[in-house]
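Read the structure below first, then the notes.
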Amino acid sequence: DAMVIQNPRYQVTQFGKPVTLSCSQTLNHNVMYWYQQKSSQAPKLLFHYYDKDFNNEADTPDNFQSRRPNTSFCFLDIRSPGLGDAAMYLCATSRARAGGTDTQYFGPGTRLTVL
Amino acid sequence: AQSVTQLGSHVSVSEGALVLLRCNYSSSVPPYLFWYVQYPNQGLQLLLKYTTGATLVKGINGFEAEFKKSETSFHLTKPSAHMSDAAEYFCAVRGSNAGGTSYGKLTFGQGTILTVHP
């Protein structure tokens, strides 16, 4: 089945130690999103890529960066994780096309723990 | 700008009873509306969506939702709850983009945790 894959599912890092989360998709979608979801809260969009164009949300901390080397892969880099960055990180994809209505498809998430 | 309000952070029903999860939205443009379900430690799975056309939308697992523009609501229902329906449910809104891009930011409600009792 075509899908959105996130690795690892669980990640433990130390305070201040850089960490990278991975997302890949077999849907050939042109838009990829990263969301942060803290416990008992709604997902919050961090940024998204439309093809290679990067779009940062205004309130996303500089500590969060992203890379999209090709259509299939997108990475979330947290340069210096703090305790407040512990959360579930969700990757989503959608196909944007003229006249269409995209639906976002989510991966299973990576739960990040910061010690 | 869009916003979503889900009334009731927790809803508890008995197995076989009606499920009703409430969602009200605010949008400055005609909205696209979505319901997602999230099981513990999982991502979000699309249940159903409304874009245009028929206001009663049927989704997976027997769920349906009705778009009521006059009430700015998009409540989710299921006639008979099953134990496997226990999960967290998120309503989301996205503004349609007439003449613009065909994708956009989802704004989620705070979620409703559904508990199903035997």
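Bear in mind these aren't lab numbers, they're just calculated from the coordinates by the rules spelled out. The structure displayed is predicted, hence computed values, not measured ones. Here the Cβ positions follow ideal geometry from the backbone for every residue, glycine too, while neighbour counts run over all protein chains shown.
On average over all directions, what projected area in square nanometres does the protein assembly as shown have, based on the convex hull of its Cα atoms? Mind showing how you got there, number by number?
Details: hull surface 51.8 nm².
Over all viewing directions, the protein assembly as shown projects a mean Cα-hull area of 13.0 nm².
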| Segments A:87-93, B:54-60 sorted - mean Cβ within 10 Å per residue, highest first | A:87-93, B:54-60
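Let me know the mean shielding of B:105-116 by other chains, meaning the per-residue number of their Cβ atoms within 10 Å of its Cβ. Before the final figure, lay out the partial values.
Details: counts 6, 9, 4, 7, 1, 3, 5, 0, 1, 0, 0, 0.
Partner-chain Cβ atoms within 10 Å, mean over residues of B:105-116: 3.
Given R₀ = 30 Å, FRET efficiency for B:Thr77-A:Asn70 by Cβ-Cβ distance, to 0.05? Working shown, then result.
Details: r = 42 Å, r/R0 = 1.39.
Once the sixth-power term is evaluated, E becomes 0.10.
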| request: Compare the Cα positions of A:Tyr49, A:Phe15, A:Thr103 along the charge dipole of chain A (+1 at Cβ of Lys, Arg; -1 at Cβ of Asp, Glu; about the Cα centre) and return the one farthest towards the positive end. | output: A:Phe15
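Please average, across the residues of B:35-41, the number of beta carbons from any other chain that are within 10 Å of each residue's own beta carbon, and give a whole number. Present the calculation step by step, with values, prior to reporting the outcome.
Working: counts 0, 3, 0, 6, 1, 0, 6.
Average neighbour count from other chains, rounded to a whole number: 2.
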| request: For the pairs A:Lys38/B:Lys105; A:Lys44/B:Lys78; A:Lys44/B:Lys49; B:Lys49/B:Lys105; A:Lys17/B:Lys105, note any where the Cα-Cα span goes beyond 21 Å. | output: A:Lys44/B:Lys78; A:Lys17/B:Lys105
| Rounded to the nearest 20 debye, dipole of the protein assembly as shown from Cβ charges on Lys, Arg, Asp, Glu | 220 debye
| note | In nm, the gap between the two label points placed 7 Å beyond Cα toward Cβ at A:Ser22 and B:Gln110 is 3.8 nm
| More than 26 Å apart: what percent of Cα pairs in chain B qualify? | 16 percent
| query | For the modelled label position 7 Å from the Cα of A:Leu115 along Cα-to-Cβ, which residues of segment A:68-92 have backbone nitrogen atoms closer than 20 Å? | reply | A:78-89
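For segment A:1-88, which trypsin sites (Lys or Arg not before Pro) are both in a DSSP coil and crowded by at most 10 other Cβ atoms within 10 Å? Walk me through the intermediate numbers first.
Working: sites: A:Arg9, A:Lys38, A:Lys44, A:Lys52, A:Arg67, A:Arg79; in loops: A:Arg9, A:Lys38, A:Lys52, A:Arg79.
Here the sparse-neighbourhood loop sites are A:Lys52.
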